[in-house]
Amino acid sequence: MGHAMQERLKLKSNEPQFPWEGDERFAACNFAFGDLFRNLPAQTAVSGQVDVPTLLAATGAIAGFAAQRALFARTDAWPAGMHIATTKANRIFYFGDPLNDMLVPAAREDAPLRLWPVAAGAAVAADVAPPALEPMFAHVTGVIGHDADFYPSPSDARPRLSGLDLLGQVWPLARDCFDGKLSGKVMRDEGVVPQRWRPVVAAYVSHYGLRQSQAVLDAATGVAILMESAIYASKIDPKLIESV
């Protein structure tokens, strides 16, 4: 990956503060956070029951895909250091440090804006060491290389759907939350969350979802499910998920 990622992050156990406070669209971000946190469990329920691994995988997938979309929304130019990989099954995936940096901060000041420190902080808050990053990235790359359906590495806590199918199921809800079509509709255009804040909102939904899941699932396992799902979703061909 080109980064000594574990070394440069100091994870804190205190509750994180929303970094969008003070932004001109802070209300839109708050609405989107609440809408996604409240509605995602029902969206991923199995026979009316919440399945924690599926819920965490869905939350991670939303955060990862939102990170990809935010990266490509920054400019019309192709980000330097990015490349496209096509598998033997003709599946397209994105790789590169700019994409990784959207999940794992390249600079300390970006830590509150990236999924990894925010999600890993949920494990730290439970006095549990978060899983190492490199094996999680390696797992995702291995699954892609074998053209297999993606599932996170914890075999005893498998989501009910593959990564691609799960993202396809939950992204319409996430997009409605970000586009201000639920609670944010009272604000009209001001209820739309800018692209740069969407992965950040999803990251904090992830943190609080992980905190709630710790009563039924080991904290490190939960982080692995969520983070690997995010890594995978960040690499998916957006044409498979977005119609525009």
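No value in this document is a laboratory result; all are computed from the given coordinates. These figures come from a predicted structure and were not determined experimentally. Because the Cβ atoms are built from the backbone with ideal geometry, glycine has one as well, and the counts that use them run over all protein chains shown.
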Could you give the size of the charge dipole of segment 29-240 about its Cα centre, using +1 on the Cβ of each K and R and -1 on the Cβ of each D and E, expressed in debye and rounded to the nearest 20?
-> 420 debye
Candidate span helices, the chain: DSSP H, at least 20 Å along axis from Cα coords, Kyte-Doolittle average at least 1.0, result 52-73
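Let me make sure I get this right: for segment 16-97, a, b and c are the square roots of the gyration tensor eigenvalues over alpha carbons, sorted descending. Under 1.5 in a/c it's rounded, otherwise prolate if a/b > b/c, else oblate. Which is it?
Details: a/c = 3.11, a/b = 1.21, b/c = 2.57.
Oblate is the answer for segment 16-97, as a/c is 1.5 or above yet b/c matches or exceeds a/b.
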Exposure proxy check on TRP78, TRP20: fewest-to-most Cβ neighbours within 10 Å is TRP78, TRP20
Dipole axis of the chain (+1 Lys, Arg; -1 Asp, Glu on Cβ), positive-most option in MET136, ALA32, ALA61 | ALA32
Checking ALA120, ALA129, ALA230 against a Gaussian network model of the chain (alpha-carbon springs below 10 Å), the top fluctuating residue turns out to be ALA129
What is the extension gain from THR87 to GLN17, computed as 0.36 nm multiplied by their sequence separation minus the C-alpha to C-alpha distance, in nm to one decimal?
-> 21.2 nm
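Can you order the peptides 199-205, 162-168 by their average number of other Cβ atoms within 10 Å per residue, highest first?
Numbers: 199-205: 26.9, 162-168: 20.0.
The packing order, highest mean first, is 199-205, 162-168.
Based only on the alpha carbon positions, what is the Kirkwood hydrodynamic radius of the chain, in angstrom? Before the final figure, lay out each step's value.
On the way: mean 1/r = 0.0563 Å⁻¹.
Over the chain, the inverse of the mean reciprocal pair distance is 17.8 Å.
Based only on other Cβ atoms within 10 Å, what is the fewest-to-most ordering of LYS185, LYS88? Please list the in-between numbers first.
Working: LYS185 13, LYS88 8.
Ordered by Cβ neighbours within 10 Å, fewest first: LYS88, LYS185.
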Per-residue ellipticity at 222 nm attributable to helices in the chain (runs of n ≥ 4 DSSP H, -39500 (n - 2.57) apiece, nearest 500 deg cm²/dmol) works out to -16000 deg cm²/dmol
What is the extension gain from ASP189 to ALA106, computed as 0.36 nm multiplied by their sequence separation minus the C-alpha to C-alpha distance, in nm to one decimal?
-> 26.7 nm
For VAL216 and ASN39 in the same chain, what is the full-extension length gain: residue separation times 0.36 nm, less their Cα-Cα distance, in nm?
-> 61.7 nm
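Between rounded, prolate and oblate, where does segment 93-137 land on the alpha carbon gyration tensor, with a ≥ b ≥ c its root eigenvalues, rounded for a/c under 1.5, else prolate if a/b exceeds b/c? Walk me through the intermediate numbers first.
Numbers: a/c = 2.85, a/b = 1.48, b/c = 1.92.
The shape class here is oblate.
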Using a basic spin-label model with each label point 7 Å from the Cα along Cα→Cβ, how many nm lie between LYS181 and ALA80?
-> 3.8 nm
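Kindly put ILE144, ILE236 in sequence by how many other C-beta atoms sit within 10 Å of each C-beta, fewest to most. Please list the in-between numbers first.
Values: ILE144 19, ILE236 23.
Fewest to most other Cβ atoms nearby, the residues stand as ILE144, ILE236.
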Among VAL118, VAL186, VAL223, which one moves the most in a GNM of the chain with springs linking Cα atoms closer than 10 Å?
-> VAL186
